[in-house]
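Let me begin by presenting the structure, written as structure tokens, before commenting on it.
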Amino acid sequence: MKLSHNIHLAYCTNIHRGSDWEETFRSLRDNTLRVKELVSPNGSYAIGLRLGDLASRELAQPDQLKQFKLWLSENNCYVFTINGFPYGEFHGTRVKEDVYSPDWTSGKRVEYTKRLFDILAEIAPFDCGGSVSTVPCSYKEFITSDDQISTMRRNLWEVIDYIDDLSEITGKDLHLGVEPEPLCYLETTDEMVRFYRDMKSDRPHDLKLASRFGINYDTCHLAVEYEDAVDSLDLLVREGIRISKLHFSSAMQVCPNPRVVKELEPYAEDIYFHQVIARSGNGVLRRYRDLPDAIRLAAQGHAQDDDEWRIHFHLPLHCLPTEIFSTTIDHLQSVIKYLGQNPDVCSHIEMETYTWEVLPDSMRQRDVVDQLVDEYKWTLSKLADQGVAPLN
């Protein structure tokens, strides 16, 4: 969806199943077009495409890509961004820490990301360019040596060079955004800044870093880290780090008393990682690897100093507080206000609430399309309050 200030908005199709291209395309046809009909029936409609490795290999075939471009044109749709974070299966089977593999130490991640940019270079419109979001280098537990860190930087530079060549050939502004996430190699704004400076030191005078590489700022992830949105964004801008994309998302926030901890058990599911960061009364942060770990340790009396938990569980943007939890929607609203005051800071926005299939039944009583439409309504209303509105 085209908004004022040359900003583009989509929802990320990782909410739907898509192990291969056939399943991915079926989701686009059966779900995404229904959402379009309800939120933008006559306008040009943006798709935030999620492609795993297998789906990307199949779509990259010339005939398949030609057919998809025709389908986009016939349905007045366009793709400006691809979620290149999950490499393999993302629904219906255990994902957890496997979502970070292969990481940026691996040539598989390099080739996969290049392929995504090959596709995006073909289908992204000239006026919006194209972004790909990716893993935050790795998961912290995976990195045990300086050689791995050097390899990650080297591999990222290889892709930056590749993106720049594609941009020169196509005339399209293409860029990669790493996505900090709790307990990952990059999880905070400060860690992103330090890594960016290290990348810069590899090639002190190479301007490609600033134009082709940046951050995919996920408002759920940074809220879980208890970061102040304005301070974080100001720091990134001062450092010259491109904000490649903004992920609009919301995390769960609770006071972990025994009753609440017990009520959280339905959210401790077996598919996705739900990292927990606790904050004590004096501001000290404590990290739990996953929600089941936090629940188990709290039951054993190890969370008595925790005043608050923020849980990496993506909740619908329009989700209201319950007796059990509130949300980190204030962080997202601070980002929206910042964007309204600084509309040039980022032109790519993606709503990302991929947890539809693992929400408890009480929160999943409607069709996924209805949820997505409500997320659009919420987002467009909040953006409009800040002077960012649809153009058609």
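Tabulated results
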read-out	value
Residues of the range 206-236 with amide N under 17 Å of a point placed 7 Å along Cα→Cβ from Arg279	219-233
Relative contact order of the range 141-257, defined on C-alpha pairs under 8 angstrom at six or more residues apart (%)	27
Long-range HN-HN contacts of His348 with modeled amide H, under 5 Å	His8, Leu246
Antiparallel DSSP beta bridges within the chain, percent to nearest 5	40
Accessible area expressed per residue, the chain, with surrounding protein chains retained (probe 1.4 Å, Å²)	39
Rel. contact order, % - alpha carbon contacts under 8 angstrom, at least six apart, the chain	19
In Hz, Karplus ³J(HN,Hα) per residue of the range 293-306 (6.51, -1.76, 1.60; θ = phi - 60°; x = Gly, Pro)	5, 5, 5, 5, 5, 5, 5, 8, x, 8, 10, 5, 8, 7
Alpha carbon centroid spacing (whole Å) that separates the range 19-49 from the range 144-216	30
Computed magnitude of the charge dipole of the chain (debye, nearest 20; Cβ of K, R +1, Cβ of D, E -1)	460
Computed accessible area, Ile243, all protein chains, 1.4 angstrom probe, square angstrom	10
Computed log₁₀ I(q)/I(0) - Debye formula, equal Cα scatterers, no solvent, the range 277-355, q 0.15 Å⁻¹	-0.72
Lys262, Lys208, Lys66, ranked by accessible area, largest first (probe 1.4 Å)	Lys66, Lys262, Lys208
Across Lys245/Lys377; Lys172/Lys200; Lys66/Lys96; Lys200/Lys245; Lys114/Lys377, pairs whose alpha-carbon gap is larger than 31 Å	Lys66/Lys96; Lys114/Lys377
Carbon plus sulfur fraction of accessible area for the range 182-309, probe 1.4 Å, in percent	48
Contact order relative to length of the range 44-167, as percent, for alpha carbon pairs under 8 angstrom and 6 or more apart	30
Largest-first principal axis extents, alpha carbons of the chain, Å	59, 49, 41
Whole-Hz couplings from phi, Karplus 6.51/-1.76/1.60, listed for the range 193-204; x for Gly and Pro	5, 4, 5, 4, 5, 5, 4, 5, 5, 5, 9, x
Helix-only [θ]222 nm of the chain, DSSP H runs n ≥ 4, -39500 (n - 2.57) each, per residue, nearest 500	-12500 deg cm²/dmol
For the range 91-96, 3J(HN,Hα) per residue [Karplus equation, 6.51 cos²θ - 1.76 cosθ + 1.60, θ = phi - 60°, Hz, x = Gly/Pro]	9, x, 8, 4, 10, 6
Projected label distance in nm at Asp147 and Lys96, using a 7 Å step from Cα toward the beta-carbon	2.8
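The values are calculated or read from the model by the stated rules, or taken from the named source; none is laboratory data. Just so you know, these numbers come straight off a predicted model, no measurement behind them. Because the Cβ atoms are built from the backbone with ideal geometry, glycine has one as well, and the counts that use them run over all protein chains shown. Heads up: the accessible areas ignore ligands, DNA and RNA and are worked out on the full protein's heavy atoms, side chains in. Shrake-Rupley method; radii C 1.70, N 1.55, O 1.52, S 1.80 Å.
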